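What follows is a short report on a single structure.
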Amino acid sequence: MKTIFRFASLLASAVMLFASCEGTGTGTGTGTGGDDITPGGSTTKGELTLDVDNLIIQAGVDQAKLTVKLDGKEISEGVMIFGNDNNVVDLGADFIFTSETPGTYSFWANYQTFNSNTVTVTVVNTPVPATPEDPQPSSTSFVRRVLLTKFTGAQCQFCPTATASIHKFFDEHELAPYVVKTEAHTFSEDDPAYFDGPFYGVQNFPSLSVDWHTITTSVDYATLTKIVADRYEAEDAVAGISVNSVATDGAITFKVCVKAAKSGQYRVGAWLLEDNIKGTQKGAPVGEENAWYHTFNDCIRIADSKSGTSYAGLKLGAIEAGKTAEMMFAWDLAKDYSKSEGWKKEDLKLCVFVSCPDEKGYSYIVNNVVTAPINGETKFEYK
């Protein structure tokens, strides 16, 4: 399993780590050792593997046990473990790693003329959520959903047209269960749902984005249904998503696991959404029967998905078909998000998506998306 840790704030950057699926190493004794650590020495053919049972641990609480195998047989005598900077580290006879200091720690093993693959353990301050159980480990036939983002604002007098089209779509269309809606209120600051974080900028409101593949200012119902149906039918889900999240003391910590149905490069993004934000939508009809125009749902509060100039996800790297990769997010709302005091915890939820390169390899587009609670598990969803 490949794992990446993400400290998510407007100022913090991702800490990434790479290891093998389910902690099982795939390296051979060719002296390659991985991307970050390059063991020296042997070019003798063989298979020395290094496994680790916990890729993310909490500082001063958890431990990670390393296991060394030669041609599938566990060994310990005569084994040397090397850490950062290729220095020998003493992990005791049982190869147990603990640390009081958050950070990223890489290890590789040497036995006689054999060098192993590299594994990386990330140490964090927060408790580490467990990876949700996979209900169908042998399957990669995932339910696919489309990510729909509306760029809008309470003071945008033309935006009710898009709101009405989307409202009708979710009331009537057969694909409604397979669409996750989000709203980016970026039109003006005098909006209770205004999103003040860095995000993709549009010049015209309203606009609709579908999977970061299609962006249009045509927001009538016919256009909406066509672009959603075209994207949904364009491809199957090539990855599934599971999430385990914990919200405590003004912080949200969660682990995202991505399982690939097709080998390739992947990215993952996570947004925090809020529902039931009351406001007054300019240009919308009033009255009790039209209250839904003035209640803003699925509004983006945090968009943790920027890589370079793209908001289509953070780099997760290559995943082989049938294998998984993980990324961990830690949002300190009180410290890093000044306006979070007014957010209602009971109205918050997560939007997590996975993206992969388009057919030309120029940019990443969303292939699958799920919503998840800020407290609880969301497992892979299979057809």
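Couple of notes before you dig in:
- Annotation note: Cβ proximity below 6 Å between a residue of the range 96-112 that is free of Cβ contacts under 8 Å to residues at least 60 places away in the same chain and on the phi < 0 side of the Ramachandran plot and a residue that is polar (S, T, N, Q) and surrounded by fewer than 16 Cβ atoms within 10 Å (Cβ to Cβ) (sequence gap 6+ or interchain) occurs for I96/Q63; T98/Q63; P102/N125.
- Only one of D191, D196 that is modelled with pLDDT of 95 or more and outside any strand (DSSP E or B): D191
- Residues in the range 351-378 that are crowded, with 19+ Cβ neighbours inside 10 Å and either among the polar types (S, T, N, Q) or in a loop (DSSP other than H, G, I, E, B) (or both): 5 in all.
- Of the criteria (1) of a type in the set (G, A, S); (2) farther than 30 Å from S139 by Cα; (3) assigned to a strand (DSSP E or B), which one S242 fails: (2)
- Note on the range 160-198: residues that are surrounded by 19 or more Cβ atoms within 10 Å (Cβ to Cβ) and either of a type in the set (S, T, Y) or closer than 20 Å to K282 by Cβ (or both) amount to 15.
- Of the candidates V210, V238, V246, the single residue that is β-branched (V, I, T) and touching a helix residue (DSSP H, G or I) at 6+ places or on another chain (Cβ under 8 Å) is V210.
- Conditions (1) surrounded by fewer than 21 Cβ atoms within 10 Å (Cβ to Cβ); (2) closer than 30 Å to V366 by Cα; (3) modelled with pLDDT of 95 or more; (4) among the β-branched types (V, I, T); number of the one not met by I96: (2)
- Any hit, the range 152-167, residues being within 19 Å of the chain's Cα centre (by Cα) and modelled with pLDDT of 95 or more: no
The values are calculated or read from the model by the stated rules, or taken from the named source; none is laboratory data. Being a predicted model, the structure only gives us computed values, none of them experimental. FYI the Cβ positions are ideal-geometry reconstructions off the backbone, even for glycines, and counts take in every protein chain you see.
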